[in-house]
Amino acid sequence: MKFRRIAALALAAAMSMSVLTACAGKSTNESGDSVEVISTGANGSQQSGEIHEAKADDEGYYFAYNNAKIRPNADLNLVLSSLPENPIYFEAPSCAGIGMSKTYTYNNGSFVISTIPLGNKDLVSTVVIYNDSVGTPEGIFIGSSVDDVKAKYGTPTSDIDGTLTYEKNDTMLVIITDNGVVSSIVYNSIV
């Protein structure tokens, strides 16, 4: 039981930090040139795709906080004023060399937002929920049961060892469970 929980939390942390270590996509650098980015998956496979901007109202999974709709691939700068002040902030050069990837930790570590650069915008790459002080717009929190998750979201796209993955358009909702209880929630962009 303890090993599964540690493995699930490690997976969530790896997904949230993936923006800082590996990217996949096509973007533009400061001079407007197209940049193709290749990512290497955990199994060594390579993927490429196009990084694109989505609008907050585009269909897909999103996290909501303080009236801000935080959707993967949407510009975080448009909702930053709705988020709490003084997050724990970290930035590092983007893996594609096209700007700075940024990470914002809010609400005493309750959730973390990671971004990737696209021109002068910061697109949301991942949102990770770490405790039960925040939840999904559909009412799923850390501690919810797998039955509650399936009642709200239906049959997952995949269910591997208690990791439920739901895909909608260019977004992915990953709900990690331990002994039938939600232990982490991750919103991710699909490139």
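Quick look at the values:
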item	result
Single match in S94, S184 (criterion: under 17 Å from the mean Cα position of the chain (by Cα), at pLDDT 95 or above and among the polar types (S, T, N, Q))	S184
Elements of type strands (runs of 3 or more DSSP E) contained in region 117-177, each with 1 or more residues being touching a Lys or Arg at 6+ places or on another chain (Cβ under 9 Å), surrounded by 20 or more Cβ atoms within 10 Å (Cβ to Cβ) and among the acidic types (D, E)	121-129
Unique match (being at pLDDT 95 or above and of a type in the set (A, V, I, L, M, F, W, C)) among V174, V191	V174
Unmet requirement for D75, which otherwise passes all of (1) over 16 Å from M172 (Cα atoms); (2) surrounded by 14 or more Cβ atoms within 10 Å (Cβ to Cβ); (3) modelled with pLDDT under 85	(3)
Answer residue from region 79-115, given it is touching a residue at least 40 places away in the same chain (Cβ under 8 Å), more than 21 Å from S184 (Cβ to Cβ) and among the hydrophobic types (A, V, I, L, M, F, W, C) and is surrounded by the fewest Cβ atoms within 10 Å (Cβ to Cβ) among those	A92
Meets criteria (at pLDDT below 95 and either of a type in the set (V, I, T) or within 18 Å of I175 (Cα to Cα) (or both)) for I140	no
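The values are calculated or read from the model by the stated rules, or taken from the named source; none is laboratory data. Everything numeric here is computed off the predicted structure, so don't read it as measured data. Here the Cβ is made from the backbone with ideal geometry for all residues, glycine too, and neighbour counts use every protein chain on show.
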